[in-house]
Amino acid sequence: MRLTERGRDYLLGILLLEAAGLATGASLFAALALALAFASLVSMVLLGLLAPRSLNVSVLDDHIRLFKRQEGRLEFSLQGKRDSWTSLEVESVASGESVETSVLSDGEHFVARVKPTKAGRFVGFKVDVRLGDAIGLFSVRRQVVLDRVVLDSLPISLLGREATRRPLPVVIGESPAGQPGKGQEFYGIEVYGEQSESRDILWKRAAYSPHGPLLARVREANSPESIGILVVQGEMGGVRRADCIDLQCEALGLLGGTLLASRLEVVIIGPDGVGRPARNDTDLADAIMEISGAGESPARGKVRTAGLEIVVAVGDFSEGELSHLGRRPAIFIGTRGNHPMDRYAMDFTGDEDLSEILGLALAR
């Protein structure tokens, strides 16, 4: 139990009245000081008896999803033993350094403003509650941990993807995959129209049938139907871990979003070895959030690499730790590791263009 600022002023007033009574010899001052002291004692005893040992805090929605740096609201309901002899106030709501929070209202129902500054999944909130006596002289603090509340902070790379959606340079043109054997293959024949190209017109057939419809070739890009992305995590800790996870989410958003825009399925395998397929934006956001909150895998370096095309390596790795990945395009976040093929690797700090990495993956 603590003495509030009003309580300190109240105690100072009692001392001044007692001093005035001693100085003047007036019993009125002493009696008034004794009455005020008795009132504060009664108020303190009532607070100690009526203040609950624990409080029940419920949340209207225990899973909230926002984009990074976007503000949201969490609505809480606080239930505890309160009456006219005690008061209750919510002092703060917190969920780590990467989430800015403030209490907008208090009482039985209150709202907290939340604003994540980094991408990732944040689990758990701490609610600090102050209970006071009837006249505000003493206070008791209680903390409630809401370990089931989940805040998903989506990367910005998913937010602006619709405005920049376009086919990859490596999947269009005469040789869409960048090397012989993976160009556009003959698929069929159609009647020449606005969507056809003049170079695809079957001129020999048109010469034999001058009065028939003008026919053209239909071509199909021989590109893969799905791309695998493997996320491996090295050593990282403290505030640096939040920064690395933030960049990991942004990189996965860029890679996965561009591949989905090219009508490719994305399979993201996290450090836990679980593959998460993504066929649309919602699947991709779910996979990114699940991986960001999965934590480090105890079986690092033993993930199956069959069918994987792109590696996202996060944190510090010892020499040779990634050698089992072979010649795969890789994105490094944090301290760069020892990749076996340097030309297939690049550092990612949030501003790099990942089209070259995607081109290398599609050309394999």
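Since every read-out is calculated from the coordinates, none of them should be taken as a lab result. Quick caveat: nothing in here was measured; it's all calculated off a predicted structure. A quick note on method: Cβ atoms are made from the backbone with ideal geometry, for glycine too, and the neighbour counts reach across all protein chains shown.
Here are some notes:
- J(HN,Hα) series, the range 114-122, from Karplus relation 6.51 cos²θ - 1.76 cosθ + 1.60, nearest Hz, glycine and proline x: 10, 9, x, 9, 9, 7, x, 9, 10
- Gain on full stretching of the segment that runs from Glu321 to Asp243 - 0.36 nm per residue minus C-alpha separation: 25.9 nm
- Simple spin-label estimate for Lys115 and Tyr208 in nanometres, 7 Å along Cα-Cβ: 7.2
- Sorted peptide list for 263-276, 4-17, criterion being average Cβ within 10 angstrom, highest first: 263-276, 4-17
- At q = 0.14, 0.15, 0.17, 0.32 Å⁻¹ the log10 of I(q)/I(0) for the range 2-50 amounts to -0.38, -0.43, -0.53, -1.11, computed by Debye summation with a single uniform scatterer per C-alpha, solvent ignored.
- Scanning residues 5 or more positions from Gln70 or on other chains, none has an amide H under 5 Å from its amide H, with H placed 1.01 Å from N in the peptide plane.
- Couplings for the range 20-28, taken from phi via the Karplus curve 6.51 cos²θ - 1.76 cosθ + 1.60 with θ = phi - 60°, read 5, x, 5, 6, 9, x, 7, 6, 4 Hz in order; Gly and Pro are left as x.
- Using the Karplus relation 6.51 cos²θ - 1.76 cosθ + 1.60 with θ = phi - 60°, the per-residue 3J(HN,Hα) values for the range 147-157 come to 7, 9, 7, 10, 10, 9, 9, 6, x, 5, 4 Hz, with x marking Gly and Pro.
- Peptide packing for 229-235, 136-142 was compared via the average number of neighbouring C-beta atoms within 10 Å per residue; ordered from the highest value, the list is 229-235, 136-142.
- Local electrostatic count at Val114 - Lys and Arg +1, Asp and Glu -1, tallied over other residues with Cβ under 10 Å: +1
- Using a simple spin-label model with pseudo-atoms 7 Å out from Cα toward Cβ, Thr24 and Asp286 lie 7.7 nm apart.
- A protection proxy built from the mean count of other Cβ atoms within 10 Å ranks the segments 240-252, 24-36, most packed first, as 240-252, 24-36.
- q = 0.21 Å⁻¹, the range 56-155: log10 I(q)/I(0) [Debye, one scatterer per Cα]: -1.00
- Approximating the spin labels as points 7 Å out from Cα along Cα→Cβ, the Arg2-to-Arg199 distance works out to 7.5 nm.
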